[in-house]
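I have placed the structure first, in the form of structure tokens, so that the comments after it can refer back to it.
No value in this document is a laboratory result; all are computed from the given coordinates. Because the structure is a prediction, the values reported are computed rather than measured. Here Cβ is always computed from backbone atoms with ideal geometry, including for glycine, and neighbour counts include all displayed protein chains.
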């Protein structure tokens, strides 16, 4: 079963409000966000996870030097003893309901072989190599991966009302709170709770695989045996899972006609924000994909031939997962077109309208039961299937491998 350990975290010193120095995970930061975060504070964590360096300086080496300089200057300092770190996120979901996600950050020992840590998405090779280079240079887990625990009593062990040691409010208004857990009895109870059931990876597949590759480089390196992980109970009430839509660039012409044999293409009106919101509702009602192109909006439902292909090519656990349906029914018709990914349907549709993409395919969110079923069947969904929101902030705590 999973082995989950306290660690001696490194944190910003004398900074109860860390709003100016924390950042989202690296893979949801675009260039505009990156520049904005850099401008907010010279010690913002974005400078570590997305380092800039002028050639011939290596950007990863630059991140390592910057990290060391912040330690030397006292901007960062290690905690005096190993701890678990309680983590809470207070937010408003897409339906304008107040929600919170509660979990704990610790060091998850990397399994040998399959183990009891299940992935649920495929990964992209470029992202793995980038994160491996950064880990090699810094020898630091700069941001936590996210694991979903099947343990029934994990939440009962956490003090959900403990005063935060550090807090931060992000650009979307989510309040992030970090608490220090050092009591030996509580540390033991948390470790036992996490060890009682498997963990499903929710977010951070690239960083998990990177950590495994780094561990395999030197199996005798003690610090490399684990990866910093945010563990949350696999509970619908604690999780807000959103869709990740497909933006298509350099798309072939006449996609609607190309899809005709596999999908029914029903016109859904002009590309307006109200139209897009209505389209996403109809997608849920009819179990459909959505299309945004130069002709407007359309609803895509499997035709008989498409349904046969889904049954033939996809395992039962993935047949109603839109990312898998997209790969099976739509992706082959796109030829050499390039894809990019965004989580907001209205924003995606506006990008098509402005010419930033040729078209887009909208997907329904994957559900927690679908994630659970795929993980236990040892199946990998396509990359960029699930978007867990909100994201823990990078910079609330770091895990240095040599501490």
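Here are the numbers for this structure:
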| read-out | value |
| --- | --- |
| The chain - mean residue ellipticity at 222 nm from DSSP helices (-39,500 (n - 2.57) per run, n ≥ 4, rounded to 500) | -8500 deg cm²/dmol |
| Separation in nanometres of the label points that stand 7 Å from Cα toward Cβ, at residue 285 and residue 272 | 1.8 |
| Max mean-square fluctuation residue, GNM over the chain, Cα-Cα springs under 10 Å, options 305, 200, 117 | 305 |
| Approximate spin-label separation residue 378-residue 235, in nm, with each point projected 7 Å along Cα-to-Cβ | 3.1 |
| Cα-projected label distance for residue 367 with residue 13, points at 7 Å along beta-carbon direction, nm | 5.1 |
| Extended-chain gain in nm, criterion 0.36 nm per residue less alpha-carbon gap, residue 36 and residue 261 | 76.4 nm |
| Shape call, region 185-236: gyration tensor on alpha carbons, a/c limit 1.5 | oblate |
| Mean-position separation - Cα centroids, region 1-50 and region 166-216, in angstrom | 15 |
| Distance from region 296-311 to region 230-290 (C-alpha centre basis), Å | 12 |
| Whether the chain is rounded, prolate or oblate, judged on the alpha carbon gyration tensor where a/c under 1.5 counts as rounded | prolate |
| Within region 244-364, percent of DSSP bridges classed antiparallel, to nearest 5 | 100 |
| Antiparallel DSSP beta bridges within the chain, as percent of all bridges there, nearest 5 | 90 |
| Calculated FRET value between residue 250 and residue 100, using beta carbons and R₀ = 56 Å, to 0.05 | 0.85 |
| Shape of region 303-403, Cα gyration tensor, a/c cut at 1.5 | oblate |
| Fully extended contour minus Cα-Cα distance, from residue 139 to residue 294, at 0.36 nm per residue | 51.1 nm |
| Nearest-0.05 FRET efficiency for residue 313 and residue 72, computed from C-beta distance (R0 45 Å) | 0.20 |
| The chain: most fluctuating residue of 383, 338, 209 per GNM, C-alpha cutoff 10 Å | 338 |
| Relative contact order [Cα under 8 Å, 6+ residues apart], region 13-68, whole percent | 29 |
| Sequence-separation-based contact order of the chain, relative, with Cα cut under 8 Å and 6+ spacing, percent | 25 |
| Acute angle (nearest 10 degrees) that the helix 31-40 long axis makes with the longest principal axis of the chain, alpha-carbon atoms | 30 |
| Length-normalised contact order of region 224-307 in % [C-alpha pairs under 8 Å, at least 6 apart] | 28 |
| Nearest-ten-degree value, helix 125-138 long axis tilted from longest Cα axis of the chain | 10 |
| Angle in degrees between helix 304-313 and the longest Cα principal axis of the chain, rounded to the nearest 10 | 30 |
